[in-house]
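Q: There's a structure below that I have some questions on.
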Amino acid sequence: MTKTQKRVLKFSIMFALVFAVCPTVSAMHIMEGYLPPAFCIAWGIVCIPFLVKGFYSIKKIFTENQKTITILAMAGAYIFVISALKIPSVTGSCSHMTGTGLGAILFGPCTVSILGIIVLIFQAILLAHGGLTTLGANTFSMAIAGPFVSFGVYALCKKCRVNKNVGVFLAAMLGDLFTYCVTSIQLALTYQNEGGSIVSSAAEFFGVFVPTQLPLAVVEGLLTVLIMMALENYAKPELKAIGFEKSV
């Protein structure tokens, strides 16, 4: 990154730290009007540093190696399609696969934040899936928190010399589940049970998500492995260009 880009990134982080102070929180494909305005603003501010870093990452991809643009676009399309298949789970939200693990493994979590927010905007406008006022909250849970876990899990599996396909599966599955862990905590912070603690409320929210989300997470893990295998067979030059190694 250039000095100017580093300054912009540092400023965005400082801006988020200063203005993202909020007494309670909530989120993840949350419908329009479900969050108080203060929470919507706070979550949007928290996302800014990740989006700034993601913007510079994508800009670098476009300028340095245009061969990888096709895979980047495919990762975005995969997120859009797979996260649009929703199953009602709890009032104000829903269960669905996220699709962000694939992009996080290939390009890193910050790049996926840009893909994710673009997907969420289109889904909110075209499918009424999520909302524009809750865009920041939904972006943080699905396009930031989940991808960071997927990226970390895959890197850890690679370091421990775990079978590549197993690493991809675990990264996609756990990233999906972590998204809903974050969602549960966020909902609990805002909508606590009467007389209950945040922890008990979060556990109750997650308990509602688990019956539908756990099998969906497993399916997403398997789908991600299949897509990665297909890429290795038909897009080896592109994978090599982004530094993805075939073996772990």
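The values are calculated or read from the model by the stated rules, or taken from the named source; none is laboratory data. Worth saying up front: this structure is predicted, and the values here are computed from it rather than measured. When we count neighbours, we look across all protein chains shown, and the Cβ atoms used for this are built from the backbone with ideal geometry, even at glycine. Note: areas computed on protein heavy atoms with side chains; ligands, DNA, RNA excluded. Shrake-Rupley method; radii C 1.70, N 1.55, O 1.52, S 1.80 Å.
Q: Taking θ as phi - 60°, what are the ³J(HN,Hα) couplings along the range 38-45 by the Karplus curve (6.51, -1.76, 1.60), each to the nearest whole Hz, with x for Gly and Pro?
A: 4, 5, 4, 5, 4, 5, x, 5
Q: Using a 1.4 angstrom probe on heavy atoms only, work out the carbon and sulfur share of the accessible area of the range 115-164 in %. Please report the intermediate quantities before stating the final value.
A: Values: 1600 of 2170 Å².
That share works out to 74 percent.
Q: Full-extension gain between Leu85 and Asn233, please, as 0.36 nm times their residue separation minus the C-alpha to C-alpha distance.
A: Details: separation 148, 0.36 × 148 = 53.28 nm, distance 2.74 nm.
50.5 nm is the gain from fully extending Leu85 to Asn233.
Q: Also, quick follow-up: Step through the residues of the range 218-232 one at a time and calculate ³J(HN,Hα) from phi using the Karplus curve (6.51 cos²θ - 1.76 cosθ + 1.60, θ = phi - 60°), rounding each to whole Hz and writing x for Gly and Pro.
A: Ordered by residue, 3J(HN,Hα) equals 5, 4, 4, x, 5, 4, 5, 4, 4, 5, 5, 5, 5, 5, 5 Hz.
Q: Based on the alpha-carbon gyration tensor of the range 109-248 and its eigenvalue square roots a ≥ b ≥ c, which shape applies: rounded if a/c is under 1.5, prolate if not and a/b is larger than b/c, or oblate? Let's see the in-between values first.
A: Working: a/c = 2.42, a/b = 1.62, b/c = 1.49.
The shape class here is prolate.
Q: Another question about this same structure. May I ask you to give the solvent-accessible area per residue for the range 51-203, in square angstrom, as obtained with a 1.4 angstrom probe?
A: Working: 6320 Å² over 153 residues.
Roughly 41 Å² per residue, with all protein chains present.
Q: Just to check I understand the Karplus step: with θ = phi - 60° and J = 6.51 cos²θ - 1.76 cosθ + 1.60, what whole-Hz values come out for the range 102-110, glycine and proline as x?
A: Here the 3J(HN,Hα) series is 4, x, 5, 5, 7, 10, x, x, 5 Hz.
Q: Evaluate the distance, in nm, between pseudo-label points positioned 7 Å from the Cα of Glu64 and of Lys240 along their respective Cα→Cβ axes.
A: Spacing of the two 7 Å Cα→Cβ label points: 1.8 nm.
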